[in-house]
Amino acid sequence: AMQAEKEAEKQSKELREKIADMKKVREAQKKVMSTKGLGEADDDDDLDATKWVVNARKKQQDAKAKLEKQLQEEEEQAIEQANQQVFLSGLKVGHEVDEFEAGESVILTLADQRIVSRDRGSSRLNEDEDELVNVNMAEFNKTAKAKALANQK
């Protein structure tokens with residue numbers, strides 16, 4: 001009985017795959033056949049050779065314009081991504097790697113810093129490296145440190 005069920009299931013699966021393959025072939029044929037050739041013009045279309053060539057060229061130009069637009073968008077995305085990587089390359093992250101979970105999106109912002117730092121009575125412009133932090137993670141770490149210090153007392 002189990003053998004018969006497995007065999008029936010196998011045949012059913014093969015039949016579904018055949019039907020899906022036939023459907024793909026039929027759709028491909030339908031796509032190819034939807035374009036009318038010069039000899040297949042209907043009476044309502046009333047196409048002569050020049051009109052057919054003009055229409056064919058217009059379709060070709062539309063396809064070319066669409067492809068160029070797509071390539072330009074992909075190029076712009078690549079440039080934007082490269083610029084973002086260059087911008088972020090000099091920044092330091094204020095959290096340890098193990099604080100982040102794989103696949104989790106975390107928003108990082110620039111950590112607060114003083115613009116002018118005072119050393120021994122003199123003031124100078126703070127040129128320390130920018131640091132990226134997540135506000136929630138930083139607050140959690142601060143609370144954990146405070147609890148640890150309270151437990152030590």
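Relative to the longest principal axis of the chain, what angle (0 to 90°, nearest 10) does the C-alpha long axis of helix 49-88 take?
Roughly 10 degrees, rounded to the nearest 10.
Cα axis of helix 135-152 to longest principal axis of the chain: angle in degrees, 0 to 90, nearest 10?
With rounding to tens, the tilt is 40 degrees.
May I ask you to evaluate 6.51 cos²θ - 1.76 cosθ + 1.60, the Karplus curve with θ = phi - 60°, for each residue of the range 7-16 and list the ³J(HN,Hα) values in order in whole Hz, giving x for glycine and proline?
After applying 6.51 cos²θ - 1.76 cosθ + 1.60, I find 5, 5, 5, 5, 5, 4, 5, 4, 5, 4 Hz.
Taking the full set of protein chains and a 1.4 angstrom probe, give the accessible area of LEU149 in square angstrom, rounded to the nearest 10.
Roughly 110 Å² of LEU149 is accessible to a 1.4 Å probe.
Among DSSP beta bridges lying fully in the chain, give the percent that are antiparallel, nearest 5. If you can, show how the numbers build up before the last one.
Working: 6 of 8 bridges.
Here the antiparallel bridges make up roughly 75 percent for the chain.
Near LYS13, which lysines are there with a Cα under 28 Å away, not counting those fewer than 8 places off in the same chain?
Candidates past the 8-residue exclusion: LYS23, LYS24, LYS30, LYS31.
Please compute the Kirkwood hydrodynamic radius of the chain from all pairs of different C-alpha atoms, in Å with one decimal.
24.7
Need one number: % antiparallel among DSSP beta bridges in the range 73-153, to the nearest 5.
Numbers: 6 of 8 bridges.
The antiparallel fraction comes to roughly 75 percent.
For the range 51-153, build the charge dipole from Cβ charges (+1 Lys, Arg; -1 Asp, Glu) around the Cα centre, then report which of PHE100, TRP52, LEU132 sits farthest towards its positive end.
TRP52
Work out the length of the dipole vector of the chain about its Cα centre, built from +1 on the beta-carbon of each Lys and Arg and -1 on the beta-carbon of each Asp and Glu, and round it to the nearest 20 debye.
The dipole of the chain has a size of about 320 debye.
If you take the beta carbon distance between LYS58 and ALA28 as r and set R0 to 41 Å, what does 1/(1 + (r/R0)^6) give as a FRET efficiency, to the nearest 0.05?
That pair, LYS58 with ALA28, gives E of 0.95.
Which of the lysines could be linked to LYS92 by a straight reach, that is with a Cα gap under 27 Å, when you skip same-chain ones fewer than 8 residues away?
LYS142, LYS145, LYS147
For labels at ASP112 and ALA4 in the simple 7 Å Cα→Cβ model, what's the distance in nm?
7.7
The values are calculated or read from the model by the stated rules, or taken from the named source; none is laboratory data. None of these values were measured; they are calculated from a predicted model. Glycine also receives a Cβ, built like all others from the backbone with ideal geometry; neighbour counts cover every protein chain displayed. When the accessible area is computed, the model is the full protein with side chains, heavy atoms only, and any ligands, DNA or RNA have been set aside. Shrake-Rupley method; radii C 1.70, N 1.55, O 1.52, S 1.80 Å.
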